[in-house]
Structures are given as C-alpha cells and as structure tokens.
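Encoded as structure tokens, the structure appears first; notes follow it.
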Amino acid sequence: MLTDTNDSISGYESAEVPAGFSLIELMIVLSALSILFAVGMPAFGRLLHDIDIRGSAEGLRAGLQKARTEAITRNALVRISFTNVSGRPAWTLGCVRSSLRCPETISSYSANADTLIRWGAARSNDKIALSTALAPGNRMPSGVTFNALGTAPGVESNADASRIDITHAINEEAKRLVLMITAAGAIRLCDPSADSGSVLRCS
C-alpha cells in the first residue's frame, strides 16, 4: 500500500504556522496603547484618590460612632480628639474623667506617615458654606465630646467640631466628603458635589 510522503506519521497533515505581526503593526498598537494610557491615567489617579478619601471618611465616621457608643455604655463623657495639627488622619478616643472603669485612652488611630489624605474641621459659628472646602488642618487639633445620653452639647456651644472635611492634599479634583455632627449626636457622611435631589448631598 502506497502512502503520501507529505503525510505525518500520525496520518494528519502538518498545521500551517500562523504569520506574526509586522513591525509597522506592532508600532501602531503601541502608539494606540500609549494614547489610551495618557488619556486614562488622570481619571484612574482620581479614582484611586476618591477611594482613599472614602476610606478615611468611613473610618472617621466609625470612630465618631464608637465614641458615642462608649459614652452611652460607660455612662460617662467620652471624647474623640483629632490630634494632628496639619490635618493628617489621627484620633484618640478616651474618657474625659478617667477612672478604673473608664480609661483615659480607650482606642486610637493614626494613618501612615505618607498619606495624602487631610482633614479640616469647623464649628457651628464659623459659618463656612458647605460649597467651600475647609483647608487641611483648619481648626486642628479639635474633637467632639459625647455624654451618657449620646448627645454632643459641645457642638451646640461651639466648643467642638460640627463639620469635618476629608480632602486630598495634592489632587483638588478628588471628590471631597464631609462629616456633619449635630448636637443631638447624629453623624452624617455627605457629598457636597452630589445632585441637589440626592440623599447624599450635604444640606
């Protein structure tokens, strides 16, 4: 029986090797990728900064809520203090009158030294419009004291912060978020750039 000498031993014809990219095609693809990279990087950078701001704001809100809960649970005055004068994220939470059942320091937090997130605080009588961003470190150091009822009388008497802006130190386009604290002890995170009908908008 005769066999075709072009056939492989397995009986199948050899597959053709696909042609590769030419140098011109490769250069076109690289140029297109470079353009997309240059256009997309600023937006991607802002997205990352927005995420950092959101994370810091959520962490600060959790700290404020913890201070209020500790005050109610311990039946004592508990203060959360924002300790960094330049506005770097940092707080210490403890009892105003320390005792065995209510320590001077309950918990604390400090961001990494290289963080670019900044906080700025304001009091009720500062009368700064929400459309105006607070400067990093404004009114710092500052804080809020909660009592056994969970209220924050220092907010009403203008002794404590009623507003905290969370911003980015070098990217002014990053989305600023604001924490509002009321004398009743309510803590609200809002977005001053949200649409007027949005529940997220500061008012």
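The values are calculated or read from the model by the stated rules, or taken from the named source; none is laboratory data. As the structure is a prediction and not an experimental result, all values here were calculated from the model. All Cβ positions, glycine included, derive from the backbone under ideal geometry; neighbour counts span all protein chains shown.
Can you name the strands (runs of 3 or more DSSP E) wholly within the stretch 67-179 that have at least 3 residues being surrounded by 18 or more Cβ atoms within 10 Å (Cβ to Cβ)? Can you show your working first?
Working: elements: 78-82, 90-95, 107-110, 117-122, 142-146, 163-168.
Where strands (runs of 3 or more DSSP E) fall fully within the stretch 67-179 and carry at least 3 residues being surrounded by 18 or more Cβ atoms within 10 Å (Cβ to Cβ), they are 78-82, 90-95, 117-122, 142-146, 163-168.
Residues in the stretch 154-186 that are within 16 Å of the chain's Cα centre (by Cα) and in contact (Cβ under 8 Å) with a residue 60 or more places away in the chain: Ile164, Ile166, Thr167, His168, Asn171, Glu173, Ala174, Lys175, Arg176, Leu177, Leu179.
Of the conditions (1) in contact (Cβ under 8 Å) with a residue 40 or more places away in the chain; (2) outside any loop (DSSP other than H, G, I, E, B), Ser203 clears all except one; give me its number. The number of the failed condition is (2).
Has the stretch 139-150 got any residue that is of a type in the set (A, V, I, L, M, F, W, C), modelled with pLDDT under 95 and touching a strand residue (DSSP E or B) at 6+ places or on another chain (Cβ under 6 Å)? Among the residues of the stretch 139-150, not one is of a type in the set (A, V, I, L, M, F, W, C), modelled with pLDDT under 95 and touching a strand residue (DSSP E or B) at 6+ places or on another chain (Cβ under 6 Å), which makes the answer no. Taking (1) of a type in the set (Gly, Ala, Ser); (2) part of a strand (DSSP E or B); (3) within 20 Å of Gly150 (Cβ to Cβ) in turn, Gly63 satisfies each apart from (2).
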